[in-house]
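*Asks:* Below is the structure I would like to discuss, written out as structure tokens.
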Amino acid sequence: SLTTPNLAFVTGSCWAMVAAASVEALHYMKTLKSISLSVQELIDCDTESHGCQGGHEENAFRYISKNGLSSESDYPYMARRSKSGCKRNKTAAAIRISGFRFVKPTEHALEKAVAKRPVVVTLQFFDGLEEYKGGILDIKAVNGKTDCLHPALIVGYGTDSNGIKYWRFKNSWGPNWGEKGFGRIRR
């Protein structure tokens, strides 16, 4: 796991981190056993994405569906694309998924999906996200297309003691960020 709060943002590997985290969460939900999957394998081997210069979670899920994904201990994270290329063990993978689905971009559809399993979303990056220490973020969406996007994993939702509804998300910036690596954003 990462200990530097903004390492994923600096390296552009957050797409791989969130994909691996979602598969780890699903594995835990099915088996009650924790595993750490290789983010580095996705950075090196997912040729549809761009390593530490960014990528797409859908490509990562397609890669995992086709090839499986090694454990973090078998293929450790380097925070950069390996100069020697993809080095995964071609005969064994720690885990494989059967596929993935897109969720309709509505609050209701997201709530239904998150009630069953964590969901990868893309947040609009905003000034102050790196310094977030806790509480419910109340950010207005930017109209139009933005290049400042950040993938995160919605792991739950709730309502605080003041009646404010929120989404709980896992960020890829390590346990020193936010609420021990998690954040809440108003829904």
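*Asks:* Quick one: what pairs do we get from the stretch 134-158, first residue part of a loop (DSSP other than H, G, I, E, B), second open to solvent by 80 Å² or more (accessible area, probe 1.4 Å) and modelled with pLDDT of 90 or more, C-beta under 9 Å, 6+ apart or different chains?
*Replies:* Between residues of the stretch 134-158 that are part of a loop (DSSP other than H, G, I, E, B) and residues that are open to solvent by 80 Å² or more (accessible area, probe 1.4 Å) and modelled with pLDDT of 90 or more, the close pairs are D138/R186; I139/R186.
*Asks:* Being in contact (Cβ under 8 Å) with a residue 40 or more places away in the chain and open to solvent by 70 Å² or more (accessible area, probe 1.4 Å) is the filter; apply it to the stretch 160-180 and report the residue that is farthest from the chain's Cα centre (by Cα).
*Replies:* Per the criteria, the residue is N176.
*Asks:* I need every pair where a residue in the stretch 101-124 that is small (G, A, S) has its Cβ under 7 Å from the Cβ of a residue that is part of a loop (DSSP other than H, G, I, E, B) and open to solvent by less than 60 Å² (accessible area, probe 1.4 Å), sequence separation at least 6 or different chains.
*Replies:* The qualifying pairs are A109/V103; A113/V103.
*Asks:* Filter the stretch 17-59 down to the residues that are among the polar types (S, T, N, Q), open to solvent by 70 Å² or more (accessible area, probe 1.4 Å) and either in contact with a His (Cβ under 9 Å, 6 or more places away or on another chain) or in contact (Cβ under 8 Å) with a residue 40 or more places away in the chain (or both) and list them by number.
*Replies:* S34, Q53
*Asks:* If I go through the stretch 125-159 residue by residue, how many of them are closer than 19 Å to H108 by Cα, modelled with pLDDT of 90 or more, open to solvent by 20 Å² or more (accessible area, probe 1.4 Å) and out of contact with any helix residue (DSSP H, G or I) (no Cβ under 9 Å at 6 or more places or on another chain)?
*Replies:* Residues in the stretch 125-159 being closer than 19 Å to H108 by Cα, modelled with pLDDT of 90 or more, open to solvent by 20 Å² or more (accessible area, probe 1.4 Å) and out of contact with any helix residue (DSSP H, G or I) (no Cβ under 9 Å at 6 or more places or on another chain): 1 in total.
*Asks:* Let me ask something else. Just to be sure before I move on: is K112 modelled with pLDDT of 90 or more, over 16 Å from the mean Cα position of the chain (by Cα) and closer than 24 Å to M29 by Cβ in the structure I sent?
*Replies:* Against the criterion (modelled with pLDDT of 90 or more, over 16 Å from the mean Cα position of the chain (by Cα) and closer than 24 Å to M29 by Cβ), K112 qualifies.
The values are calculated or read from the model by the stated rules, or taken from the named source; none is laboratory data. Given the structure is predicted, the values throughout are model-derived calculations rather than measurements. As a convention, Cβ positions derive from the backbone with ideal geometry for all residues, glycine included, and neighbour counts pool all protein chains shown. Surface areas here come from the heavy atoms of the whole protein model, side chains and all, with no ligands, DNA or RNA. Shrake-Rupley method; radii C 1.70, N 1.55, O 1.52, S 1.80 Å.
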